[in-house]
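As structure tokens, the structure follows; a few thoughts come after it.
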Amino acid sequence: MKGMRDRFTQERWERLSQRPLLALAVAFAVAYAVPIVDGSAGYSLTSACTIVEWVVWGAFAADYLVRLALAPRRREFVRTHWPDLCAVVLPVLQPLRLLRMVSTLLLVGRRARMAPQIRLTTYVVGAVIGLLMFGSLAVLSVERQSPNGNIRTLGDALWWSFTTMTTVGYGDHAPTTGLGRMIAVGLMLAGIALLGVVTANIAAWFISRFEKDDVEERRQTEAIASLTEEVRLLRAEVARLAREREEQRS
């Protein structure tokens, strides 16, 4: 009984905290993007954005601790939610802005998947847009100051992210730093994974449609066979009655 009550409390917390956390994630996106897009941002604006980033990360960390406290089986919760734990611990071990961005994306994705009303297509579209934007901002932040870099503007970064995620890779723009290449690897893997999800979703839709058509065809075939049998029985009955009438007349 206590386990069921704790689980209900945990689900209620997740349902109530989902929208505020998503709003905080939007605030994080703005705070992360402003210093990168505005290269002339002053110290005060950059510091304010950094504070917002840490506050958002702290909110997600607090959410993880609350869910852990409300979980009926805490060891099982830690074992099944280990990506959440890694995303919470990662920025503490190495407080880089890029790691805070990665951890926040992971936490937002984990929380979004818990919402039953969010369908797969919506999640994939959101993931594509999020990866394009954050990938562009991340590579621009590390490549803009590189002496040999050729990704200098947000437009260049967006174009590079799009060609990288779709695995086209024109080669007109490419990262030259180690961290930029790590971002490229992440975008390529994410693009392949999302493409696989979309392809699997489309294939599953076609298969379900074919299965429905097959079921409907079998149902119609069975109905026709049943009607045919009834007609045969009716004909046999009519023939029997006709013979009996002829016998009575004779």
- prompt: If residue 164 passes every condition in (1) surrounded by 13 or more Cβ atoms within 10 Å (Cβ to Cβ); (2) more than 30 Å from the chain's Cα centre (by Cα) but one, which one does it miss?
  reply: (2)
query: If the Cβ limit is 8 Å and pairs must be 6+ apart or interchain, which residue in the range 167-190 that is part of a helix (DSSP H, G or I) pairs with which residue that is of a type in the set (Asp, Glu)?
result: 180/143
Residue identified as farther than 24 Å from residue 187 by Cβ and modelled with pLDDT of 80 or more among 40, 47: 47
message: residue 68 - would you say it is over 20 Å from residue 133 (Cβ atoms), at pLDDT below 75 and over 20 Å from the mean Cα position of the chain (by Cα)?
response: no
message: I'd like to check something: does the range 217-224 contain any residue that is over 26 Å from residue 34 (Cα atoms), of a type in the set (A, V, I, L, M, F, W, C) and either at pLDDT 85 or above or not in a helix (DSSP H, G or I) (or both)?
response: yes
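The values are calculated or read from the model by the stated rules, or taken from the named source; none is laboratory data. Since this is a predicted model, take the numbers as computed values, not measurements. So basically every Cβ, Gly included, is an ideal-geometry build from the backbone, and we count neighbours across all protein chains shown.
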